[in-house]
Amino acid sequence: MIARLSVSTALASASLVLLPVQAMAQSTDDRDETSETASARGTIVVSGVRQAYRGDFALSEIPQSIDVIDAETLEDNNLIRLNDALDLNASVARQNTLGGLWDAFAIRGFAGDENLPTGYLVNGFNGGRGFGGERDTAGIERIEVLKGPTAALLGRGEPGGTVNIVTKQAQIGQTFGSFGSQIGSFDKARSEADINLAVTDGLSARLVGYIEGGDTFRDTVDEFRWGFLPSIGLALGQNTRITYDLEKTRVETPFDRGIVVLDGNFKTVPRNRYLGEPGDGDHIARAEGHSLRIQHDLDDRWSLLLGASIRDTLLTGVSSDADLSGSRQSLFRDGRHLARERRSRLYDSEQTVVRGELTGEFMTGGLRHRVLLGADHDSFDNYQQFGRTRPPALSTNPSEEAAYVIDILDPVYGRFDPPVARPNNDRLDRQTSSGMFIQDQIELTDRLQVRLGARYDNFTLRTENYITDVNSERKDDRISPQFGIVYELAAPVTLYAAYSEGFRANIGTDVNGVIFEPEVSKSIEAGAKLSLLQGALTGTFTVYQLEKDNVLASDINNPGFSVAIGKARSRGVEVDLNGKLPGQIDLLLSYAYVDAESRSSVLDPNFSFEIKPGDPLINIPDHTINAQVSKTFSVAGRKAKLGGGVQYVGERLGATGTEFYLPDHTLVRAFGEIEVVNNVSLFGTVSNVFDAAWYANSYSQLWVQPGAPRTATVGFRAGF
């Protein structure tokens, strides 16, 4: 860890050396005045990068609830992980993150495959299904929470919604940059930089990078991560732009299943107590991705967007995890000695996507049509080599060494030689799919629009099990329709309603090698979109109901495999409000009521408890609210900002088919920033101001992830 911190400290020192040049640098405000760039000779004008799957629509015209978390909000709150950033939207709930090594969340109560990270999009490409570790927010321009099913366009994803990350793109013809460093609680040190260089009139490169190291609030658990996320933009005349993006990241941290909770007592052990083995070393997660997009404006009405991406990830490591079986777990007998498994992981994935879309508009009989049509091909290879050795059954009266126990009240690490993890799963899952989609939004009157759309998908799932030599294959095709209506009731109020159907192919098999039917869903929602104070303040009110069949859960007795648990339903109400109030006050408000429950009567495969219709889904709170207010003002002629926020998360089921619940919690945060010289600011943040005890997620009472205590950071940001 000393070596890791020295690297981060060196980068911070280099940034400090560069500070004196800022007085001569171009103002950041100067370069933000226009969204288009002209060369010094006026020969090239290049607009911004078009967003995939969106078409030419204002958010108020889309019959769907969309919430945007912008870079300024991320910066104000100093949010550096995707999971933390998504806490700002009440419709998103945290899920099991595989010991803190991947992103996992549910939107509107529905999560994805528990054996994979939650999928999300990066500039319209799949970017979240691999094993590259938790995503860092460096290089993110904004995060879009696209609520409701999107299968009619994307052909995949949960019916609750999809997250699309829009990254910072190279800006043609401009030179600007920012960099900064920070230090914080638990000896954390971090530096990052974002530099856009105009190489020629039509060629620019944007270089984004970060490096971070330090301890955590968890005993013996440290982490080190870095990333390099450059973007290159090339303008070929006025109408064509080529964009290349690279993702290169690495995370090193011990695997951490969290704490244990016995008989509902969340003080069974302190929240900082680590119950694995420090001697296991780090899990290492790395990712490398490449994407290339070509945008060509055919004329002032039609545009063509072509793209391709490839992303490779790898996760490796060994760990010592609590065994969840009641017949093997000595902790349930004596309340002190935790029996553990020895596990090993080698997870490798590769995803390739090729896509193209044409957007434009035309008139028929006085009606304006705005159309979006396209096609894509997606290939995802998911290789999992997993090993484990479990403690013996309690009926055999195993020794403490045989059960590989640790004393939860007085842990002694390295007490026993760890057992060797034996092969448990060695499997390649390969999913390929091809699809075509079309969408037409028709303006029937000046106030009324309807949207019609559908997507056809043909996909193949193949599994090769190298232990059992059982190969499985399933082919299927599906049409996913959508219908929406948008009505402008008055200048500040737009009403909308939408119906859509969707699906998500279930990757993998049960322990017998049987590939599951895809999840299928139906969704209906209606709401109102507001635009107040001349558009400075926007909001959405939504009611919805989602239903899906063929829901899967992890098979705890056979890790890496799944079992079917039937049907589920989610319905709820959402309120989102975001923008500026008079007096330089920024406001963010997000509230969600979610009623997510099972609709089947089945035997839970993990703990052999019965799941009944009406039972809540795991880790989904009924009520969630996030509210934040900040004010910009001047101090001695220098710009300053102060703000604070509060998040409330209601009680949640902590283990499927049980009465174990995570308690509700309320977290308060505060932040501030002040400009000390031109283009150089000092900032500070405090999260969990009142040091509340809270729990982010759980899988069982023996795998509970505690939330961080009060945490403070201070740092500087400089720009030119």
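The values are calculated or read from the model by the stated rules, or taken from the named source; none is laboratory data. Predicted model, so just to flag it, every value in this text is computed and none were measured. Positions of Cβ are backbone-derived with ideal geometry, glycine not excepted, and every protein chain shown enters the neighbour counts. Just so you know, the surface numbers come from the protein's heavy atoms only, side chains and all, with ligands and any DNA or RNA stripped out. Shrake-Rupley method; radii C 1.70, N 1.55, O 1.52, S 1.80 Å.
Taking Cα atoms only, the orientation of helix 2-17 departs from the longest principal axis of the chain by about 20 degrees. Scanning residues 5 or more positions from LYS168 or on other chains, those with amide H under 5 Å from its amide H are ILE140, GLU141, with H placed 1.01 Å from N in the peptide plane. Between ASP407 and ALA205, the modelled label-to-label distance comes to 5.8 nm, taking each label 7 Å out from Cα in the direction of the beta carbon. Using +1 on the beta carbon of Lys and Arg, -1 on that of Asp and Glu, and nothing else charged, what's the dipole of the stretch 293-448 about the Cα centre, debye to 20? Approximately 620 debye in magnitude. Once Lys and Arg get +1 and Asp and Glu get -1 on their Cβ, which of ALA708, PHE633, TYR591 lies farthest toward the positive end of the dipole of the stretch 572-720? The listed residue farthest towards the positive side: PHE633. Compared with the alpha-carbon gap, the fully stretched path from ILE442 to PHE332 is longer by 33.3 nm at 0.36 nm per residue. Each residue of the stretch 344-357 was assigned a 3J(HN,Hα) from its phi angle through the Karplus curve 6.51 cos²θ - 1.76 cosθ + 1.60 (θ = phi - 60°); the sequence is 10, 9, 9, 10, 10, 9, 9, 10, 10, 9, 10, 8, x, 8 Hz, with glycine and proline shown as x.
Is the shape of the stretch 337-403 rounded, prolate or oblate, going by the alpha carbon gyration tensor and its root eigenvalues a ≥ b ≥ c, with a/c under 1.5 for rounded and a/b larger than b/c for prolate? Prolate.
Taking 0.36 nm per residue of separation and subtracting the Cα-Cα distance, full extension of the segment from LEU581 to ASN397 would add 59.5 nm.
Phi angles of the stretch 160-172 translate, via the Karplus equation with coefficients 6.51, -1.76, 1.60 and θ = phi - 60°, into HN-Hα couplings of x, x, 9, 9, 10, 9, 9, 8, 6, 9, 4, 9, 5 Hz per residue; Gly and Pro are given as x.
Per-residue extension of 0.36 nm, minus the Cα-Cα distance of ASP219 and LEU489, leaves a gain of 91.5 nm for this segment. Distances between placed amide hydrogens fall under 5 Å for LEU236 paired with ARG241, ILE242, all partners being 5 or more residues away or on another chain. Ranking of TRP226, TRP694 by solvent-accessible surface, largest first: TRP226, TRP694 (1.4 Å probe, protein heavy atoms only, all chains present).
Take the Cβ atoms of LEU292 and ASP477, set R0 to 35 Å, and the FRET efficiency comes out at 0.75.
Note on the chain: with charges restricted to the Cβ of Lys and Arg (+1) and Asp and Glu (-1), its dipole about the Cα centre is near 340 debye.
With the cut-off at 1.5 for a/c, could you classify the stretch 118-269 from its C-alpha gyration tensor as rounded, prolate or oblate? It is oblate, given that a/c is not under 1.5 and a/b is not larger than b/c. Residues HIS369, HIS283, HIS290, sorted by accessible area with the largest first, give HIS290, HIS369, HIS283 [1.4 Å probe; ligands and nucleic acids excluded].
Here, P(r) means the percent of Cα pairs in each 10 Å bin from 0 to the largest distance; for the chain it is 3, 14, 24, 28, 20, 9, 3, 0, 0. Our helix-only sum for the chain, with -39,500 (n - 2.57) per DSSP H run of n ≥ 4 divided by its residues, gives a mean residue ellipticity at 222 nm of -1500 deg cm²/dmol. Counting only protein chain heavy atoms and rolling a 1.4 Å probe, the accessible areas of ILE408, ILE485, ILE183, ILE66 rank, largest first, as ILE183, ILE485, ILE66, ILE408.
Taking amide H as placed 1.01 Å from N in the peptide plane, the amide H of SER65 sits under 5 Å from that of LYS147, each at least 5 places away or on another chain. Phi angles of the stretch 303-311 translate, via the Karplus equation with coefficients 6.51, -1.76, 1.60 and θ = phi - 60°, into HN-Hα couplings of 9, 10, 10, 10, x, 8, 8, 9, 9 Hz per residue; Gly and Pro are given as x.
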